[in-house]
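Visitor: Right, I'll just put the structure down here and ask away after.
Every number here is computed from the coordinates shown, using simple stated rules; none is lab data. Remember, predicted model here, so these are calculated numbers, not experimental data. When we count neighbours, we look across all protein chains shown, and the Cβ atoms used for this are built from the backbone with ideal geometry, even at glycine.
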Amino acid sequence: MTRRTQQMGEFLREEVTDIIRTELDDPRLGFWTITHVDVSQELRSARIFVSVLGREQERTDTLKALRGAAGFIRTHRKPRMGTRIFPDIGYRDDRPLEHGEEVSLTLR
């Protein structure tokens, strides 16, 4: 990962988090956190990893809400970004706590 992709990823994380918290009003959104963003080398696409606290249904509802609001987030993101390139965003479920528990159980 280059410095440029890291900077773009951090910028996207901050901007998308702000847009979702302030502009998006969807009752399906649960208690979520953007854990990290992977940006491609050419800055054309980005994967946003979202961790959702709660049951499986809350996870799927939150991811559906975010994927459904992708166009809304993109239109609000364009004026904020001072770049010519606007990466296409995809949302992924991030489960670091569950993965940690699996590793812990395996090691025991």
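Visitor: Could you work out the relative contact order of the chain, using alpha carbon pairs under 8 angstrom and six or more residues apart, expressed as a whole percent?
Guide: Computed value for the chain: 29 percent relative contact order.
Visitor: Of the options Ile73, Tyr91, Leu29, report the single residue whose Cα projects farthest towards the positive end of the charge dipole of the chain (beta-carbon charges: Lys, Arg +1; Asp, Glu -1).
Guide: Ile73
Visitor: Here's a follow-up. Express as a percent, rounded to the nearest 5, the fraction of DSSP beta bridges in the range 3-108 (both residues included) that run antiparallel.
Guide: 55
Visitor: Taking the chain as the reference, fit the longest principal axis to its C-alpha atoms, fit the long axis of helix 96-107 to the helix C-alpha atoms, and give the angle between the two in degrees, 0 to 90, nearest 10.
Guide: Helix 96-107 sits at roughly 40 degrees to that axis.
Visitor: Relative to the present Cα-Cα distance, how much length would full extension add between Thr22 and Asp93 at 0.36 nm per residue of separation?
Guide: Taking 0.36 nm per residue and subtracting the Cα distance, the gain is 23.4 nm.
Visitor: In degrees between 0 and 90, to the nearest 10, how far off the longest principal axis of the chain does helix 3-22 point, with axes built from Cα atoms?
Guide: Here the helix axis deviates by roughly 80 degrees.
Visitor: Quick one: net charge around Asp18, please, counting Lys, Arg +1 and Asp, Glu -1 for every other residue with C-beta under 11 Å from its C-beta.
Guide: Here the count lands on +1.
Visitor: On to the next question. Separation between the Glu42 and Lys64 pseudo-spin-labels, each 7 Å from Cα along Cα→Cβ, expressed in nm?
Guide: A separation of 3.4 nm, rounded to one decimal place.
Visitor: For the chain, what D do you get in µm² per second when you plug the Kirkwood radius from alpha-carbon pairs into Stokes-Einstein at 20 °C and 1.002 mPa s?
Guide: It diffuses with D of about 145 µm²/s by this estimate.
Visitor: Quick one: dipole size for the range 1-102, taken about the Cα centre, charges +1 on Lys/Arg Cβ and -1 on Asp/Glu Cβ, in debye to the nearest 20.
Guide: Value, rounded to 20: 560 debye.
Visitor: Return the calculated 222 nm mean residue ellipticity for the chain, to the nearest 500 deg cm²/dmol, obtained by summing -39500 (n - 2.57) across DSSP H runs with n ≥ 4 and dividing by the residue count.
Guide: -15500 deg cm²/dmol
Visitor: Another question, then. Could you size up the charge dipole of the range 10-67 around its Cα centre, putting +1 on the beta carbon of Lys and Arg and -1 on that of Asp and Glu, and report it in debye to the nearest 20?
Guide: Its charge dipole is roughly 260 debye.
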